[in-house]
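Chemist: Got a structure here, written out as structure tokens. Questions coming.
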Amino acid sequence: MKLSVILAHPSRTSFNHAIARTAVSQLQKNGHEVIFHDLYEEKFDPLLLSEEIPKEAELTPEVELHCKETASADGIIIVHPNWWGQPPAILKGWTDRVLRPDVAYRFLEGDKGEGIPVGLLKAETAIVFNTSNTPLKRETEIFGDPLELLWKMCIFDLCGVKSFYRRMFGVMVTSTSEQRKQWLEEVREVMNRFFP
């Protein structure tokens, strides 16, 4: 299988980087072709400018590559921290620029954009790994788990991905090295479960 792994964290020593390295390593060990992008390392430009909005717009080579890779991926794995109940701006910009009409979704003929689009992504499964300093109970009871709603309902369901899994690791600031080792083992297990 061809699998896309997208990482969005500015620090190379972050646990997000450890998650991404572990996922990529396990997927390669399982014999998959892995396309890996560290958006900060690559200095991905998150700004969606007006001339890029039309579906027939000419895209930059960088965005064109991301679109082709994402459209052809059999599975997508995204790794990022929870910042204010959202992904980092660089990843939000990636979704704006890459998960675009005629790549990730399209509207039916005659629909001017007011209806429910048809998902186009080839990926059967999307996995999102997050880190957080908010306890899970507070995240769900107070905030309603906005990242679950964003990734599952607003993005991957809409783009036609049928299987979705998300895991938030935390609380990071008080986690021990033993907890982090266990969490990375969990990442390996998730990769093995969805992409053996």
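Any read-out appearing in this document is the output of simple, stated calculations on the displayed coordinates, not a laboratory observation. Source: prediction; values computed, not measured. Here the Cβ positions follow ideal geometry from the backbone for every residue, glycine too, while neighbour counts run over all protein chains shown.
Chemist: Which far-off residues, 5 or more places away or on another chain, put their amide H under 5 Å from the one on residue 107, with H placed in the peptide plane?
Modeler: Counting only residues 5 or more places away or on other chains, the set is 118.
Chemist: Just list whichever of 43/137; 68/122; 122/152 have alpha carbons separated by over 23 Å in the model shown. Display every interim value, and only then the final one.
Modeler: Working: 43/137 34 Å; 68/122 11 Å; 122/152 16 Å.
Exceeds cut-off: 43/137.
Chemist: Now, a different point. Please list the non-local residues whose amide H lies under 5 Å from the amide H of residue 195, H modeled 1.01 Å from N, same-chain partners needing a gap of 5 or more.
Modeler: Amide H neighbours of residue 195: none.
Chemist: How would you order 125-131, 94-100 from highest to lowest mean count of nearby Cβ atoms within 10 Å?
Modeler: Values: 125-131: 23.6, 94-100: 21.3.
Peptide ranking by packing, descending: 125-131, 94-100.
Chemist: Would you mind computing, in nm to one decimal, how far apart the modelled labels at residue 177 and residue 30 are, each placed 7 Å from Cα along Cα→Cβ?
Modeler: 2.9 nm
Chemist: Residues with amide H under 5 Å of residue 160's amide H, sequence separation 5 or more or different chain, H placed in the peptide plane at 1.01 Å from N; which?
Modeler: 119
Chemist: In whole Hz, with x marking every Gly and Pro, tabulate ³J(HN,Hα) for segment 94-111 from phi via Karplus 6.51 cos²θ - 1.76 cosθ + 1.60, θ = phi - 60°.
Modeler: Listing the rounded values in order: 4, 5, 4, 8, 9, 8, 9, x, 6, 10, 9, 7, 8, 8, 5, 4, x, 7 Hz.
Chemist: Can you tell me what share of the DSSP beta bridges in segment 1-105 is antiparallel? A percent to the nearest 5 is fine. Write out the running numbers ahead of the final one.
Modeler: Details: 1 of 13 bridges.
Taking every DSSP beta bridge with both residues in segment 1-105, the antiparallel ones total about 10 percent.
Chemist: Determine, from the Cβ-Cβ distance of residue 114 and residue 2 and an R0 of 41 Å, the FRET efficiency 1/(1 + (r/R0)^6), rounded to the nearest 0.05. Write down the numbers at each step before the final one.
Modeler: Numbers: r = 34 Å, r/R0 = 0.83.
In this case the efficiency is close to 0.75.
Chemist: Now a separate question. By DSSP, what percent of the beta bridges with both residues in segment 2-194 are antiparallel, rounded to the nearest 5? Please list the in-between numbers first.
Modeler: Details: 3 of 29 bridges.
Antiparallel bridges make up about 10 percent of those DSSP assigns within segment 2-194.
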